[in-house]
Amino acid sequence: MSRTHVTCEVNGDAVDFLTEDGESLLNALRDELGLIGAKEGCGTGDCGACSIIMNGRLQCSCLIFAPEAGGAAITTCEGLASADELHPLQQCFLEGAALQCGICTPGFLIAAKALLDENPDPTETEVRYALAGNLCRCTGYDKIVRSVLEAAVQIRTPA
Amino acid sequence: MAVVHFSTDQRQHTGVTEVVIDAANVRALVRQLSELYPSLNAHLVETSSTAVAIDGEIIPDPMLEELTATSEVHLVRPLAGG
Amino acid sequence: MSTTEAPASTGTNGNGASGYRWVGTRPVRHDGLDKVAGKARYAADLNLPGMLHGHILRSPHPHARIVSIDTTKAAAMPGVKAVITGADFPEAPPKGATRNLMCTVIARDKVLYSGHAVAAVAASTRREAKAAAEAIEVTYEQLPHVLNIADAMADGAPVIHDNLLTRGVDPRPTEPSNVAARTVYERGDVEQGFGEADIVIEREFSTQAVHQGYIEPHACVVDCDQEGKAVIWASSQGHFMVRSSTATVLGWDTSRIKVIPAEIGGGFGGKTTIYIEPVAALLSTKAGRPVKIVMSREDVFRATGPAPGSIIKMKVGARNDGTITTAKAWLAYENGAFQGIAAMLGCMCVVSAYTLDHLYVEGFDVVLNRPVNVAYRAPSAPAAAFAMDSVVDEIAARLGMDPIDLRLHNCPSQGDPTPYGPKWPMIGLRDCLEAIRDSDHYQTALPDGQGRGVATGFWFNIGEASSATVNLNENGTATVITGSPDIGGSRASMALMAAEELGLDVHLIQPVVGDTEVVGFTDVTEGSRATFATGMAVVEACRDLKTQLRKRAAKTWDCDVEEVEWVDGSAVHGPGEQEPLTLAAITGNAKRTGGPLGATASLNARGAGPAFSVQVADVSVDSETGRVTVERYTTAQDAGTAIHPSYVEGQMQGGVVQGIGWALNEEYIYSDDGNLENPGFLDYRIPVASDLPMIETVIVEVPNPSHPYGVRGVGEVGIVPPLPVLANAVADATGVRISDLPLSPPRVLDALTAAES
Amino acid sequence: MKYAAPTTIDEARALLASDADAIVFAGATDVVPQMRGGRPEPSMLIDLKNIDRLMSVSLEGDTWHVGAAAPSSALTANADFAADFPGVTEAAGLIGSDQIQNRSSLGGNLCNASPAADSVPALVVNDAVAVIAGAGGERRVPVADVVTGPGQTSLAHDEIVVCFELERPAARTSDAYLRLIPRTEMDIAVVGAGVRLTLDGEGAVSAATVALGAVAPTVVRVPAAEAALVGSRLDDASLAAAAAAASEACNPIDDKRGTITYRRQVAGVLTRRAAGMAADRIRTTNGQNGAS
């Protein structure tokens, strides 16, 4: 298999890695860059556990061939917090008990960030549809949806 | 002393629905039951009924469990859960 | 919600209004930050230097004799370091649980289901391992297969195990069949019961196999060294189980194996057994390098434990006043390829929410050419409740009674006999029924065009063995080490109970899940037992520590230990001659008073409190397409005491939604040739966020007298009622009762069309 | 396996022509699952997303050009396009989650040639034309003629769908697309129905097109349903006749997603409902939508 040298920006850092051409960006992030936040739950784009934001668009990294990332700007779950502060979504997930096993959490946080970046004041229904590509088997979604709505309030009205 | 209640299957081996046994623990109780009903033990092994419910609580490893005069005993299978 | 005369009477709905300082509060969980930051390490997240990747070759046939396996070509492929087949494993005994485990891990002479593991490869890359596994040449002699209960029980059915003689039939059959066991529970005289009844309803129900659907596929990394020691990083519900099961399958001594628990990405019962660890261990031994195996989603569906499908026939009689006089039930449960206890559990649960003088329950465990059954939240109870609570609902409708009143009228209480023999301890079914009856949801009129359903659910809960070590650090903080993997917030629960005992801020307590070499034996996190049983060990260790702390204070003060009390995290001198000593003051001075303070407790927990849940749903049904929409849902569940109410609610809500999935759209679909047609999240349809309303919760607290804080397990029972709740709600909305799950659009529309004509 | 990212159509075509096992892709939302599902791995993955013309959505005169590799979200975010083709927009918006919509394309949806593709019935009712680049230059083919069977298209190996051309709708014209899935998201259509209507000044239907998905090997146009609608004021009887015609036109299979009976029944229901939606859209815009 051919290999490609990929240069891109991940969570604000310039990075580069060598990847087999048919490898997924998910595996490249995890194996080459050590960014384990994105998870493989299905490998077919059906669960959202591998969600990332690439060039401003929410995507499943398992459906992206790693070489596609050349020149791209990528945000993963690891890029949400600053050095001294969690992202409001992360804080609301913690306080709202929006995670149980936690395996889907990075994907939900990224999908929720993508939603709030575009729609800072979503309705419950909008949140539910925006998160429909992320499966959670533990929570029944209730506390996740509430936490996203709460984070939206906090982001709109900073303390 | 304890009252042992037998299930439908077990009654085929005991002929009675219940029996009072004077035993300090489950091991002694099982020993006495084996003497009273020679085919019961094989049936319990056969049906994996290796647990005992004492006063409503199912105990998976019961042999040294102490019994009181009022203990109600059922011979049951151990449970599993999710 | 409600309180009784139990020892630790607690507050309402988890608001901490209980007299406890920490129990019942909602702190941020200790492992939360790692999980929202993407730093938490699950088994697939670990990479070791020199690590190889394992790939398992699986059978394409549902039932076949393995004639030969040729690994020559595979072994010569690039990057390949080890190839193994069933022949590399110890021989399995002819029958029993050990054989079932060994043959689940890897097939021996026969493959018993499509997806059954046949051989495995370790290679430098995932791609190389996969390519080599696919190059292994297996010659199969295909055998006829059976995929459903009716076919498996039919005369002349292909027999899966030629030494399987039905248990529980007298005299025992001499010819093998696919019926592994028959179970009977009987009380009184059912014919007399039907004679006393004014109405008798008889119905047949079916449910389909469903998967636990945890989002994290099974994964492990195993590193075996030249001295025969193995270190396993595993995602499981119990690492001591991984150790003992791996040892059993490999014929190894357990002391050769150390298991380090990775974070676990969901289990729901599905990770109470192993599939891949012994395979990785053998590959690692052969290759002399660490080996990682991560299952694909397809393989998870094809080869790991679903919960069984069932056929249940119910006949129930009732008097006009609502008294249920008798129930007769015939249950058959799929067992997958190996015999299990699914039907037995179904028999024990099926009428548990009702007081009955006369009952006859008969169950059959049936083996099939499908993957092995594994526990899924209150195993077997949902299908049983679906049957009984559907019939009860029909009785209520026929009698014109409120369905909750009817259930209250027949509700068992402490001291009544259970259907399976023993007497009920203190239970909260009545309280749950009343909680739903009094809920805002039930008190709100049903919107036009919708239907409302209620139902009950029961699950035993279990105790089992747990260990905990609590170490006090020199700065006055505490480390709580337990052997229970944290699936959904149990670290926080352990820390809260320790905080309550020691009088220490919960954030000064670090809860840790210890590996098999740092903490005492602990059974699998199953049967809703972690907070109950492991929590009990934590409390016991803390109480030991409090005694030690009082002794240290007595030594410091040169007084009798009896004069020292432990109050709010400090040693207090009874006579009042000394200033109180805080925990930190004592631990800071510990070297002078006898050395560091730590305590360990190991126990076999007794007194697990049975769990009940009562739920109500409003649904709308599109009568032209058969789509069912859940409009509103409320669940009440007896938690005993809610240690961390947020995670109690989370368990309740998660269980409900899994039950909704089971009721509406989830099902294993096999083709006639025995292959699973929907081994992915696209066509195995677990609920998505937009399918659901908020799941309203009412935590009922009827404390369990056997636990120091009154805890009952909360993990499982929530999944039980949704099946009958939704069937009852659909019946209410449409006037058509559907007795086959799932209530998928084609099935609902079919039923509506049939009812019209 | 080799990855290639051409920036021109000619370059992409040359790569494709050079390798019989090469494939083109945009979002790979079908390609990746198919590769995991055991379909032979291609020798070359030709990424079309770096070719401007395949990524753009633009209105030139009265013709919309929708790049074949543009993500669905580029359509759903385009208010002007959505106003002209609410049905096509909702079909594109139904393909998978937000994550999928940021990758899935109309070109991929068409060329994957699934009988259940959501966007195809919606394109067909709008007489969309696929612009296909091949050895002899570009050819224009009605979308309805591209797919010849499940997984089969009329494209030669070295041909690439470049874009779709949709003429802006006439006055008092609108469309709608509905599908039936068991969940609310993430599923493949069990039945899909696209309808486009034109109403005259009196509110009677002057033109209608109806196309169904997932009920036959390829998308089905339903002339009998169209005939039942034309001339009517969408009264119950004509809607029922259109529904019956739609059911009749189905040639479905029993599979894991639905039964023959179910698909027939629901095809009629969705046709009736989509017709109602399209008509409502015309009425609520008071005839102001459309090109002229």
Test for A:ARG146: is it in contact (Cβ under 8 Å) with a residue 24 or more places away in the chain, closer than 25 Å to C:GLN212 by Cα and surrounded by fewer than 19 Cβ atoms within 10 Å (Cβ to Cβ)
yes
Does A:LEU135 fit the bill of being closer than 22 Å to A:GLY37 by Cβ, facing another protein chain (nearest Cβ under 7 Å) and touching a residue at least 12 places away in the same chain (Cβ under 8 Å)?
yes
Residues that are among the small types (Gly, Ala, Ser), surrounded by fewer than 18 Cβ atoms within 10 Å (Cβ to Cβ) and either within 14 Å of another protein chain (Cβ to nearest Cβ) or in contact (Cβ under 8 Å) with a residue 12 or more places away in the chain (or both), drawn from the range D:7-17:
D:ALA17
D:PRO42 meets each of (1) surrounded by 15 or more Cβ atoms within 10 Å (Cβ to Cβ); (2) in a helix (DSSP H, G or I); (3) over 19 Å from the mean Cα position of the chain (by Cα) with one exception, condition (2)
Answer residue from the range C:156-184, given it is in a loop (DSSP other than H, G, I, E, B), touching a residue at least 40 places away in the same chain (Cβ under 8 Å) and not polar (S, T, N, Q) and is farthest from C:ASP365 (Cα to Cα) among those:
C:PRO158
Search the range D:73-94 for residues being without any contact (Cβ under 8 Å) to a residue 24 or more places away in the chain and outside any helix (DSSP H, G or I), and hand back the single one that is farthest from the other protein chains (Cβ to nearest Cβ).
D:ASN78
Residue list for the range A:1-42, filter: among the acidic types (Asp, Glu), crowded, with 21+ Cβ neighbours inside 10 Å and more than 8 Å from chain C (Cβ to nearest Cβ):
A:GLU23
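Within the range A:11-30, can you find the residues that are part of a strand (DSSP E or B), over 23 Å from D:ALA22 (Cα atoms) and touching a helix residue (DSSP H, G or I) at 6+ places or on another chain (Cβ under 7 Å)? Let's see the steps before the verdict.
Step one: of the range A:11-30, the residues part of a strand (DSSP E or B) are A:13-20, A:24.
Subset that is over 23 Å from D:ALA22 (Cα atoms): A:13-17.
Scanning the range A:11-30 gives a single hit, A:PHE17.
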Tally time: how many residues in the range D:209-268 are within 18 Å of D:ALA189 (Cα to Cα), touching a helix residue (DSSP H, G or I) at 6+ places or on another chain (Cβ under 9 Å) and among the acidic types (Asp, Glu)?
1
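Which one of B:VAL20, B:VAL26 is away from every other protein chain (no Cβ under 13 Å) and either loosely packed, with under 14 Cβ neighbours inside 10 Å or in contact with a His (Cβ under 6 Å, 6 or more places away or on another chain) (or both)? Let's see the steps before the verdict.
On the way: B:VAL26 fails: either loosely packed, with under 14 Cβ neighbours inside 10 Å or in contact with a His (Cβ under 6 Å, 6 or more places away or on another chain) (or both).
Testing whether each residue is away from every other protein chain (no Cβ under 13 Å) and either loosely packed, with under 14 Cβ neighbours inside 10 Å or in contact with a His (Cβ under 6 Å, 6 or more places away or on another chain) (or both) leaves just B:VAL20.
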Is it the case, given these coordinates, that A:CYS92 is crowded, with 21+ Cβ neighbours inside 10 Å and without any contact (Cβ under 8 Å) to a residue 60 or more places away in the chain?
no
Checking B:SER34 against (1) within 11 Å of another protein chain (Cβ to nearest Cβ); (2) surrounded by 13 or more Cβ atoms within 10 Å (Cβ to Cβ): exactly one of these is not met. Which one?
(1)
Out of curiosity, is C:ALA617 over 23 Å from the mean Cα position of the chain (by Cα), within 30 Å of C:ALA554 (Cα to Cα) and hydrophobic (A, V, I, L, M, F, W, C)?
no
Give D:ASP158, D:ASP145, D:ASP118, D:ASP127 a once-over and let me know the one that is surrounded by fewer than 23 Cβ atoms within 10 Å (Cβ to Cβ), among the charged types (D, E, K, R) and either in contact with a Leu (Cβ under 7 Å, 6 or more places away or on another chain) or modelled with pLDDT under 95 (or both).
D:ASP158
Are any residues in the range A:134-148 of a type in the set (Gly, Ala, Ser) and over 18 Å from C:GLY659 (Cα atoms), and if so, which ones?
A:SER147
List every residue pair whose Cβ atoms lie under 8 Å apart, where the two residues are 6 or more positions apart in sequence or sit on different chains, the first residue falls within the range C:674-692 and is more than 8 Å from chain A (Cβ to nearest Cβ) and within 15 Å of C:GLN208 (Cα to Cα), and the second residue, located anywhere, is surrounded by fewer than 20 Cβ atoms within 10 Å (Cβ to Cβ) and of a type in the set (Gly, Ala, Ser).
C:GLU677/C:SER671
Among the residues of the range D:219-233, is any part of a loop (DSSP other than H, G, I, E, B), under 19 Å from D:SER114 (Cα atoms) and within 14 Å of another protein chain (Cβ to nearest Cβ)?
no
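Could you list, in sequence order, all residues of the range A:59-93 that are assigned to a helix (DSSP H, G or I) and either closer than 12 Å to A:LEU26 by Cα or more than 13 Å from chain C (Cβ to nearest Cβ) (or both)?
Here is the first cut: in the range A:59-93, the ones assigned to a helix (DSSP H, G or I) are A:61-63, A:66-69, A:77-79, A:88-93.
Within the range A:59-93, A:SER61, A:CYS62, A:LEU63, A:ALA66, A:PRO67, A:GLU68, A:ALA69 meet the criteria.
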Determine which single condition D:GLY27 fails, assuming it passes every other condition in (1) surrounded by 24 or more Cβ atoms within 10 Å (Cβ to Cβ); (2) more than 22 Å from D:VAL131 (Cα to Cα).
(2)
Checking C:ALA611 against (1) closer than 19 Å to C:TYR376 by Cβ; (2) within 14 Å of chain A (Cβ to nearest Cβ): exactly one of these is not met. Which one?
(2)
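The values are calculated or read from the model by the stated rules, or taken from the named source; none is laboratory data. Owing to the predicted nature of the structure, the values given are computational and were not obtained by experimental measurement. As a convention, Cβ positions derive from the backbone with ideal geometry for all residues, glycine included, and neighbour counts pool all protein chains shown.
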